[in-house]
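See structure below.
The values are calculated or read from the model by the stated rules, or taken from the named source; none is laboratory data. Not measured: the values here are computed from a predicted model. All Cβ positions, even for glycine, are placed from backbone atoms using ideal geometry, and neighbour counts span all protein chains on display. When the accessible area is computed, the model is the full protein with side chains, heavy atoms only, and any ligands, DNA or RNA have been set aside. Shrake-Rupley method; radii C 1.70, N 1.55, O 1.52, S 1.80 Å.
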Amino acid sequence: MAKLGDHIQEADWKTEKHVPLIECPASVKAAEPFEVRVGIGKEIAHPNTTEHHIRWIQLFFQPDGGKFIYQIGNFEFTAHGESVEGANQGPAYTHHEVAASVKLNTSGTLYALSLCNIHGLWQNEKRVKVA
Ligand code: FE2
């Protein structure tokens, strides 16, 4: 039987518009806040319409040597041009990029998972070293 993870897609973010790009320092100081930005379509724009959009991004942290993964945040994008006038006639669109302030006590890997409403789940990761 297939597992959920079998349906999570990966690719080079520079050539595939769905891949979430994690931007943060490669090395940070222990217990000091730093900014993590996660965005979709940095190189090739992803649509943001009522019919086709990014629904959410989730950010996780897997500490080196740890057994379990930790959820850092869940970011929902809930405005995609909907309105009583019809699809794409609304006044607001949530752009699919987020910034979070994060503190780490140990080195590990950040994982971003995103969902396109019609093209499924996509992931990316970035190593972060804690000095
Ligand atoms: Fe898509």
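When region 122-131 is limited to residues that are hydrophobic (A, V, I, L, M, F, W, C) and open to solvent by less than 30 Å² (accessible area, probe 1.4 Å), the one that is farthest from Ala31 (Cα to Cα) turns out to be Trp122. Only a single item in (1) over 12 Å from the mean Cα position of the chain (by Cα); (2) modelled with pLDDT under 95; (3) surrounded by 17 or more Cβ atoms within 10 Å (Cβ to Cβ) is not met by Ile44, and it is number (3). Filtering region 13-29 down to residues that are more than 16 Å from the ligand (Cβ to nearest atom) and open to solvent by 50 Å² or more (accessible area, probe 1.4 Å), which residue is farthest from Lys129 (Cα to Cα)? Applying the filter and picking the extreme gives Lys14. Note on region 1-12: among residues that are closer than 19 Å to Leu113 by Cα and in a loop (DSSP other than H, G, I, E, B), the one that is least open to solvent (accessible area, probe 1.4 Å) is Ala11. Restricting attention to region 76-119, the residues that are assigned to a loop (DSSP other than H, G, I, E, B), within 15 Å of the ligand (Cβ to nearest atom), open to solvent by 20 Å² or more (accessible area, probe 1.4 Å) and not polar (S, T, N, Q) total 3.
Is it the case that some residue within region 30-42 is within 15 Å of the ligand (Cβ to nearest atom), assigned to a loop (DSSP other than H, G, I, E, B) and charged (D, E, K, R)? Scanning region 30-42 turns up at least one residue that is within 15 Å of the ligand (Cβ to nearest atom), assigned to a loop (DSSP other than H, G, I, E, B) and charged (D, E, K, R).
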